[in-house]
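The block underneath contains the structure these notes are about, expressed in structure tokens.
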Amino acid sequence: MEKLTLVQAINLALSEEMERDPGVVVMGEDVGKDGGVFRATLGLLDRFGGERVIDTPLSETGIIGAAIGMAAYGLTPVAEIQFLGFIYSAMEQIISHAARLRTRTKGRYHCPLVIRTPYGGGIHAPEHHSESSEAYFYHTPGIKVVVPSTPSDARGLLKSAIRDPDPVLFLEPARIYRSIKEEMKGDDPIPLGEARIARSGKDITLIAWGAMVHTALKSAEAVKKEGIEAEVIDLRTLYPMDTGKILSSIEKTGRGIVVHEAPLKGGLGGEIAAIIQEKALLYLEAPVLRVAGFNTPIPLPKMEQVYLPSPEKITAAIYQTLRY
Amino acid sequence: MPKKSVGQFNIDFIQILNEAGEADPSLLPHFTEKEIRQFYESMVFARLFDEKALNLQRQGRLGTYASIRGQEAVQIGAGLALQASDWWFPAFRDIGISMMRGLPGKNLFLYWAGDERGNAIPPGQNDFPIAIPVGTHIPHAVGAAWGAKIKKDPIAVLVTFGDGATSKGDFHEGMNMAGVFSLPVVFLCQNNQWAISVPRARQTASQTLAQKAIAYGFPGIQVDGNDIFGMVQTTKEALEKARRGGGPTFIEAVTYRMSDHTTADDASRYRSPEEVKGWEGKDPILRLKIYMEKTKIWTPAFEEEVARNSMNRVLNAVTEYEAMPPVDPGEIFDYVFEKPTPDLIEQKQNLLSPPKE
């Protein structure tokens with residue numbers, strides 16, 4: 001099979017799901033004629049028509065709010081928010097409505113809604129285009145949060161997200177939309193809530209998601225030269241989190257580092273460190289470290305690399321942990 | 001390069017039954033005596049239910065409650081205009097429509113007592129539960145109407161909200177989409193003049209709320225919201241138009257919140273007794289009663305029967321509400337997702353059987 005980039009794999013998953021289920025509707029700004037600003041929805045309008053591939057007004061609250069109504073009515077909307085940094089005006093719709101609909105109606109209604117949105121830095125984009133605010137959503141009861149880091153996973157996870165009966169935020173790491181090409185590993189959906197061991201190792205566990213998985217892998221290659229075998233866990237789904245894989249890795253290595261682009265304070269690194277100390281304290285040889293963004297707004301492209309975790313920053317943390 | 005007018009707009013105001021109980025024969029549709037009796041009985045029932053809820057709250061048997069007093073004609077009118085297959089998205093001051101839609105009275109008491117079981121809409125009733133955040137349910141109605149259009153279901157969607165909601169972005173984004181995609185949705189604004197303490201004039205400098213529809217490319221109409229005939233007729237026409245594929249309509253029902261915002265509010269802090277008194281004369285039930293007296297539809301025996309039946313229904317609802325068994329605490333975990341996630345399972349276990357020392 002032809003090798004696909006991550007964004008092409010998303011396009012493939014969308015078309016496969018639209019083919020499978022006539023209730024799947026793609027909606028958002030520029031998703032139709034333009035095929036999406038990253039071309040994730042390219043060709044869908046021609047194939048499935050304007051009733052199912054909808055160019056909406058520039059209206060984030062309206063897109064998510066209407067998608068909630070559509071979902072309750074029985075369709076499966078896949079709404080695109082052009083960049084994660086533009087989702088904030090729709091936060092009330094997501095938190096107060098999409099995520100609560102099943103609970104507050106005692107299951108009478110539910111919200112099979114997928115919100116796809118590119119996220120993260122490193123794409124030399126203008127202000128507000130590089131946000132990594134997954135923690136807000138992880139913190140919100142009633143919504144799942146998924147982040148693929150490879151083309152195959154993007155396809156399989158998006159299929160599961162679309163088939164999931166509850167709202168899913170599907171975060172697409174824009175930085176690696178086109179930088180990796182791979183053959184698809186099978187057609188099957190990949191279950192949500194299952195992490196992937198991206199690299200096996202016995203000395204330390206690096207936990208990451210999205211583009212940071214590749215940054216962590218680079219660091220793991222770098223320390224290999226010194227004989228250090230780092231295990232890299234790609235969480236793939238942030239909520240519900242596969243704590244089992246994290247803990248069994250920590251039990252093996254005794255050391256862990258969480259890597260994320262999002263600001264350090266209140267980020268998921270703290271949550272993962274808490275889970276590890278609650279459930280695997282006696283296995284730990286060193287404190288769990290966090291390599292994360294600073295507590296500053298993510299800078300514009302000129303300073304972006306200063307802010308983002310790099311292989312060097314992770315490598316330094318690995319040595320710090322091993323020396324503890 | 002001429003200067004010319006490129007748009008001219010007009011907003012109609014409809015009143016069929018005036019404050020003196022006189023119906024305009026040129027506007028009055030044919031309502032049967034039975035229908036008129038139903039209008040009256042439904043409004044009386046809604047008012048008695050509302051009064052009972054306020055009493056229960058004062059006795060500590062109900063939580064904070066938002067009274068509909070004064071808005072019975074809007075709500076009964078809209079409730080009667082809806083068909084069972086239509087969908088309805090309520091705000092939080094809407095018990096009149098809820099009851100016309102068949103929601104058991106016990107559900108309303110449960111909800112306002114802080115018991116989420118009140119929000120469980122019975123199967124087959126196509127309504128959303130009460131929306132507390134102001135105006136945020138408007139795009140949901142638009143989405144449901146969109147779903148109906150995509151599925152080619154010949155139904156209409158009604159969404160109700162107050163004057164305050166017209167200041168919110170959700171209202172404008174929802175209205176805009178409904179206009180662009182010509183969706184089968186009716187926006188019914190109950191302009192009761194007050195959003196807690198902020199008067200209608202502080203929400204917008206627009207002369208009417210109805211004219212907001214013009215900007216979104218569909219008709220807006222103003223109706224006397226205390227005129228049950230006008231409300232039934234206008235809402236019915238708008239819903240029928242939507243079902244036929246004629247697109248959205250915005251209805252501004254001009255009415256008045258006779259009560260405090262909720263039982264936690266004291267409206268005398270911000271509005272005058274004279275203003276409230278002025279609206280007492282426009283009461284929707286009173287004016288229908290005068291009309292019925294004039295047309296010999298009203299009799300003391302009918303009044304007695306209506307009062308007795310309504311009170312029985314209200315008291316039955318109270319009995320059912322108070323007889324509800326307590327909620328199982330573990331249930332709070334059961335509807336977050338279709339299948340509980342591992343942490344929810346763990347939290348539920350820890351709550352129900354805490355780990356021993």
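The values are calculated or read from the model by the stated rules, or taken from the named source; none is laboratory data. These figures come from a predicted structure and were not determined experimentally. Glycine gets a Cβ as well: all are built from the backbone with ideal geometry, and neighbour counts include every protein chain shown. These area figures cover heavy atoms from the full protein model, side chains too; ligands, DNA and RNA do not enter into them. Shrake-Rupley method; radii C 1.70, N 1.55, O 1.52, S 1.80 Å.
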ask   = So which of A:Gly227, A:Gly244 ends up being modelled with pLDDT of 95 or more, closer than 27 Å to B:Glu346 by Cα and of a type outside the set (A, V, I, L, M, F, W, C)?
value = A:Gly244
Residue in the range A:37-45 that is in the same structural domain as A:Lys159 (by TED's automatic domain parsing), closer than 23 Å to B:Pro154 by Cα and hydrophobic (A, V, I, L, M, F, W, C) present = no
ask   = Of the residues in the range A:13-25, how many are in a helix (DSSP H, G or I) and open to solvent by 40 Å² or more (accessible area, probe 1.4 Å)?
value = 3
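The rows are residues; the columns are (1) surrounded by 11 or more Cβ atoms within 10 Å (Cβ to Cβ); (2) within 14 Å of chain A (Cβ to nearest Cβ); (3) in contact with a strand residue (DSSP E or B) (Cβ under 8 Å, 6 or more places away or on another chain); (4) touching a residue at least 24 places away in the same chain (Cβ under 8 Å).
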{"residue": "B:Pro284", "(1), (2), (3), (4)": "yes, no, no, yes"}
{"residue": "B:Leu288", "(1), (2), (3), (4)": "yes, no, yes, yes"}
{"residue": "B:Lys296", "(1), (2), (3), (4)": "no, no, no, no"}
{"residue": "B:Glu303", "(1), (2), (3), (4)": "yes, no, no, no"}
{"residue": "B:Glu322", "(1), (2), (3), (4)": "yes, no, no, yes"}
{"residue": "B:Tyr335", "(1), (2), (3), (4)": "yes, yes, no, no"}
{"residue": "B:Leu351", "(1), (2), (3), (4)": "yes, no, no, no"}
{"residue": "B:Pro354", "(1), (2), (3), (4)": "no, no, no, no"}
Residue check, B:Phe181 at pLDDT 95 or above, over 26 Å from B:Glu72 (Cβ atoms) and within 13 Å of another protein chain (Cβ to nearest Cβ) = yes
ask   = Is there a residue in the range B:105-117 that is touching a Leu at 6+ places or on another chain (Cβ under 7 Å) and at pLDDT below 95?
value = yes
request  = Using the structure shown, decide if B:Gly217 is within 14 Å of another protein chain (Cβ to nearest Cβ), touching a residue at least 24 places away in the same chain (Cβ under 8 Å) and open to solvent by 10 Å² or more (accessible area, probe 1.4 Å).
outcome  = yes
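Okay, residues lined up against (1) more than 30 Å from B:Thr208 (Cα to Cα); (2) in contact (Cβ under 8 Å) with a residue 40 or more places away in the chain; (3) within 14 Å of another protein chain (Cβ to nearest Cβ):
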{"residue": "B:Arg269", "(1), (2), (3)": "no, yes, no"}
{"residue": "B:Pro300", "(1), (2), (3)": "yes, no, no"}
{"residue": "B:Val306", "(1), (2), (3)": "yes, yes, no"}
{"residue": "B:Pro329", "(1), (2), (3)": "yes, no, no"}
request  = With the condition kept exactly as written, say whether any residue in the range A:209-220 is free of Cβ contacts under 8 Å to residues at least 60 places away in the same chain, farther than 20 Å from A:Glu2 by Cβ and not in a loop (DSSP other than H, G, I, E, B).
outcome  = yes
query = Pick from the range A:88-108 the residues that are open to solvent by less than 10 Å² (accessible area, probe 1.4 Å) and closer than 14 Å to A:Ala67 by Cα: which of them is nearest to the other protein chains (Cβ to nearest Cβ)?
reply = A:Gln93
ask   = Is the range B:95-110 home to any residue that is of a type in the set (D, E, K, R) and crowded, with 24+ Cβ neighbours inside 10 Å?
value = no
remark   = Taking the range B:249-264 and keeping only residues that are of a type in the set (S, T, N, Q) and touching a Pro at 6+ places or on another chain (Cβ under 9 Å), one is left with B:Thr249, B:Thr255
inquiry  = Looking at the range A:49-56, can you tell me whether even one residue there is open to solvent by 10 Å² or more (accessible area, probe 1.4 Å), within 12 Å of another protein chain (Cβ to nearest Cβ) and either in a helix (DSSP H, G or I) or of a type in the set (A, V, I, L, M) (or both)?
reply    = no
message = I need the full set of residues from the range B:139-152 which are open to solvent by less than 20 Å² (accessible area, probe 1.4 Å) and either facing chain A (nearest Cβ under 7 Å) or at pLDDT below 95 (or both), in order please.
response = B:Pro139, B:His140, B:Ala141, B:Val142, B:Gly143, B:Ala144, B:Trp146, B:Gly147, B:Ala148
message = Conditions first: (1) more than 16 Å from B:Phe181 (Cα to Cα); (2) surrounded by 23 or more Cβ atoms within 10 Å (Cβ to Cβ); (3) in contact (Cβ under 8 Å) with a residue 12 or more places away in the chain; (4) more than 23 Å from the chain's Cα centre (by Cα). A:Ala66 passes all but one, so which condition is the exception?
response = (1)
remark   = Of those in the range A:228-245 that are within 20 Å of A:Leu171 (Cβ to Cβ) and assigned to a strand (DSSP E or B), the residue most open to solvent (accessible area, probe 1.4 Å) is A:Tyr239
Some residue of the range B:111-128 being buried (at least 24 other Cβ atoms within 10 Å of the Cβ) and under 24 Å from B:Met231 (Cα atoms) = yes
ask   = Which condition number does A:Gln82 fail, the rest of (1) open to solvent by 10 Å² or more (accessible area, probe 1.4 Å); (2) within 14 Å of chain B (Cβ to nearest Cβ); (3) not basic (Lys, Arg) being met?
value = (2)
query = Would you call B:Thr136 in a loop (DSSP other than H, G, I, E, B), open to solvent by less than 40 Å² (accessible area, probe 1.4 Å) and either among the polar types (S, T, N, Q) or over 23 Å from B:Val232 (Cα atoms) (or both)?
reply = yes
inquiry  = Given the condition aromatic (Phe, Trp, Tyr), touching a strand residue (DSSP E or B) at 6+ places or on another chain (Cβ under 8 Å) and open to solvent by less than 40 Å² (accessible area, probe 1.4 Å), answer yes or no: does some residue in the range A:71-79 qualify?
reply    = yes
inquiry  = For the range B:124-137, check the following and say yes or no: at least one residue is over 22 Å from B:Gly246 (Cβ atoms), within 7 Å of chain A (Cβ to nearest Cβ) and in contact with a Leu (Cβ under 6 Å, 6 or more places away or on another chain).
reply    = no
message = So in the range B:220-253, with the set limited to residues that are more than 20 Å from B:Glu35 (Cβ to Cβ) and of a type in the set (Lys, Arg), which one is surrounded by the fewest Cβ atoms within 10 Å (Cβ to Cβ)?
response = B:Arg244
inquiry  = Looking only at the range A:138-182, filter to residues that are of a type in the set (Gly, Ala, Ser) and within 14 Å of chain B (Cβ to nearest Cβ); which one of those is nearest to the chain's Cα centre (by Cα)?
reply    = A:Ala161
